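Chemist: Have a look at the structure that comes next, please.
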Amino acid sequence: MPRSSRCVLIVALFALFACDTAPEFEVPNTRGMRRFKGNTHTHTTMSDGDSSPEAVARWYKAHGYAFLVLSDHNVFTDPADLSARQDSSFLLIPGEEVTAKFRDQPVHVNGLNVPHVIAPESDSTLVGTIQKNVDAIRAASAAPHINHPNFRWAFHHRELLHVRNNKLLEIFNGHPHVHNLGGGGWPGMEQVWDHLLTAGKRVYGIAVDDAHHFQGEFAPERSNPGRGWVVVKARALEARAIVESLEAGFFYASTGVVLQEVAVAPRSLAIHIQQQGDFKYRTEFIGAHGRVLHVSENNPAEFELRAHESCIRAKVTDSSGRVAWVQPVFMKQEGL
């Protein structure tokens, strides 16, 4: 074979190999699913809130939420007792904020779709205490999500890297005392999330209210409702379907930005933003170690996958500072 022909063949084989091994996203199958806005963390007079379960449910239903988890501290509120507040457009999912501590460090883990009250657990280590409460929720066939790690500076990624069988983490909590942004050398919750993702953890970020104050003034120093929520894609407005979609990452989290669609293709990610008023939008596509790989001010915001990353997540910020967090999209594994 002439040398020139051999060179052409080698180039062709290299191109074929490169094409076959190019990174691709896992493309989720969400066909036929509908969107449901909800909040997974709020309080009533059953623990330290200022309003009854019925009044709290009424607030969320009146403000366009499709589902709500009443998550009082170490208390189980049976949604059947609030059947008058539920219909085909509004669902109460049974929940509890399992409230434990290690020494003076609070360890709060929400249980979603719990069947009964779950007693808080303790251990001789901080990681062990977190793990035991996650395990107790799993043992009840419910789903855990770890709440506000920066509350009283309790723990961060150093401990969470060792926690198993937890897929949901609060990256935004509307309570004024939980230090979402970190400070003084302590990481904010997005930094914690990026540490976990970079280490190979499949963890999805939730925004919640953690509301306690439904009466009186709505003000920054009070824990009012309506500050953080999730929009979940699920097959039905039913507790199991909602929780399964949360644990699969079929949702975005928000403090006000509304997304029309998150379109994942094998080598691209497009985020369609619902225009509100004359607000402008900036979308960051974020890879390992929190590195910003691409910034778009277009709508839709688009990202083309060119190099292998463990995963890509996106953050949309509007011109008033409100945010939507798109869940990480992971790479397709070879042979799948």
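The values are calculated or read from the model by the stated rules, or taken from the named source; none is laboratory data. Because the structure is predicted, anything quoted here is derived from the model rather than measured. Neighbour counts are summed over all protein chains in view; Cβ atoms, including those assigned to glycine, are modelled from backbone coordinates with ideal geometry.
Chemist: Could you tell me how many of the residues in region 106-145 are outside any loop (DSSP other than H, G, I, E, B) and farther than 17 Å from GLU170 by Cα?
Modeler: Total meeting the criteria: 9.
Chemist: Can you pull out every residue in region 309-336 that is outside any loop (DSSP other than H, G, I, E, B) and of a type outside the set (Val, Ile, Thr)?
Modeler: Scanning region 309-336 gives CYS311, ARG313, ALA314, LYS315, ASP318, ALA324, TRP325, GLN327, PRO328, PHE330, MET331.
Chemist: Moving on to the next point. Would you list the strands (runs of 3 or more DSSP E) that sit entirely within region 245-308 and hold 3 or more residues that are over 17 Å from the mean Cα position of the chain (by Cα)?
Modeler: Fully inside region 245-308 and qualifying: 259-265, 268-273, 281-286, 292-296, 301-304.
Chemist: Could you figure out which of (1) among the basic types (Lys, Arg); (2) in the same structural domain as ASP210 (by TED's automatic domain parsing); (3) exposed (fewer than 15 other Cβ atoms within 10 Å of the Cβ) isn't true of LYS332?
Modeler: (2)
Chemist: Failed condition for PHE172, given (1) in contact (Cβ under 8 Å) with a residue 60 or more places away in the chain; (2) hydrophobic (A, V, I, L, M, F, W, C); (3) in a helix (DSSP H, G or I); (4) under 18 Å from VAL107 (Cα atoms), with all others met?
Modeler: (3)
Chemist: Might you let me know whether region 32-48 holds any residue that is touching a helix residue (DSSP H, G or I) at 6+ places or on another chain (Cβ under 8 Å), over 24 Å from GLY216 (Cα atoms) and of a type in the set (Phe, Trp, Tyr)?
Modeler: Checked region 32-48: at least one residue is touching a helix residue (DSSP H, G or I) at 6+ places or on another chain (Cβ under 8 Å), over 24 Å from GLY216 (Cα atoms) and of a type in the set (Phe, Trp, Tyr).
Chemist: I'm trying to understand the selection: among the residues of region 216-240, which are under 17 Å from GLY32 (Cα atoms), of a type in the set (Gly, Ala, Ser) and surrounded by fewer than 18 Cβ atoms within 10 Å (Cβ to Cβ)?
Modeler: Across region 216-240, the qualifying residue is only ALA236.
Chemist: Could you tell me which of the residues GLU221, GLU217 is within 20 Å of ASP48 (Cα to Cα) and without any contact (Cβ under 8 Å) to a residue 40 or more places away in the chain?
Modeler: On the way: GLU221 fails: without any contact (Cβ under 8 Å) to a residue 40 or more places away in the chain.
Going through GLU221, GLU217 in turn, just one is within 20 Å of ASP48 (Cα to Cα) and without any contact (Cβ under 8 Å) to a residue 40 or more places away in the chain: GLU217.
Chemist: In this structure, is GLY38 small (Gly, Ala, Ser), under 18 Å from the mean Cα position of the chain (by Cα), buried (at least 18 other Cβ atoms within 10 Å of the Cβ) and modelled with pLDDT of 95 or more? Spell out how you get there, then give the answer.
Modeler: Numbers: small (Gly, Ala, Ser): yes; under 18 Å from the mean Cα position of the chain (by Cα): yes; buried (at least 18 other Cβ atoms within 10 Å of the Cβ): yes; modelled with pLDDT of 95 or more: yes.
Considered against the rule, which asks whether it is small (Gly, Ala, Ser), under 18 Å from the mean Cα position of the chain (by Cα), buried (at least 18 other Cβ atoms within 10 Å of the Cβ) and modelled with pLDDT of 95 or more, GLY38 comes out as yes.
Chemist: Return the residues of region 192-215 that are among the β-branched types (Val, Ile, Thr) and either surrounded by 20 or more Cβ atoms within 10 Å (Cβ to Cβ) or outside the structural domain of LYS61 (by TED's automatic domain parsing) (or both); say none if nothing qualifies.
Modeler: Across region 192-215, the qualifying residues are VAL192, VAL203, ILE206, VAL208.
Chemist: ILE93 versus (1) farther than 23 Å from TRP193 by Cβ; (2) over 18 Å from the mean Cα position of the chain (by Cα): which is the lone unmet condition?
Modeler: (2)
Chemist: Could you look through region 304-319, keep only residues that are closer than 16 Å to LEU259 by Cα and not β-branched (Val, Ile, Thr), and pick out the one that is surrounded by the most Cβ atoms within 10 Å (Cβ to Cβ)?
Modeler: Taking the candidates together, the pick is ALA314.
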